[in-house]
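The values are calculated or read from the model by the stated rules, or taken from the named source; none is laboratory data. Bear in mind the structure is a predicted one, so any value in this text is a computation, not a measurement. Cβ coordinates were reconstructed from backbone atoms using ideal geometry, including for glycine residues, and neighbour counts include every protein chain displayed. Remember, those area values only see protein heavy atoms, side chains included, never the ligands or the DNA or RNA. Shrake-Rupley method; radii C 1.70, N 1.55, O 1.52, S 1.80 Å.
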Amino acid sequence: IRPARRDKFHFKMEVEVYPADIVFSFGETDDELKRVLKRYKIEYNEHYIPMKGEGQYQMFYNGRYSLIRMDRYPNSPRDYATLAHEIFHAATHIMERLGLQLKIDFSDEGYAYLIGHITRGVYEKIIT
């Protein structure tokens, strides 16, 4: 797997199987991210924008939009692990918003499908 050579990158993914959209932001400053969210017409709380750590996940006010943000473009096993961690957060919030809590042999397949769907979608954007 070879990641594309980029320093900064963002995109919005429509999660086709559930009513949710995820904005991904890699290596962007807080101000750059604010411009992206404004362009997508997504309301956000200023308090949650500053980057803390290598990655972060946030669900926005209306519940449809989520943000997965990393301090750099993913290009190492550690970065992909951080991305997987944040994708898990997104999937759990989407599923719980739909009333499906994670329960083995009941809802775990739906969670696994959604995590796979999000992961494939982001990899299609960041890997060449």
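Before moving on, here are some points about what is shown:
- Selection from the stretch 1-53 of residues that are farther than 14 Å from VAL122 by Cβ, basic (Lys, Arg), in contact (Cβ under 8 Å) with a residue 12 or more places away in the chain and open to solvent by 90 Å² or more (accessible area, probe 1.4 Å): ARG2, LYS8
- When LEU67, LEU102, LEU83 are checked against the criterion of being crowded, with 16+ Cβ neighbours inside 10 Å, not acidic (Asp, Glu) and not in a strand (DSSP E or B), LEU83 stands alone in meeting it.
- Pairing residues of the stretch 94-115 that are within 20 Å of ILE22 (Cα to Cα) with residues that are of a type in the set (Phe, Trp, Tyr) and part of a loop (DSSP other than H, G, I, E, B), at Cβ distances under 6 Å and at least 6 apart in sequence or on separate chains, gives ILE94/TYR18.
- Every residue from the stretch 105-116 that is part of a helix (DSSP H, G or I) and either in contact with a Leu (Cβ under 6 Å, 6 or more places away or on another chain) or crowded, with 16+ Cβ neighbours inside 10 Å (or both): GLY110, TYR111, LEU114, ILE115
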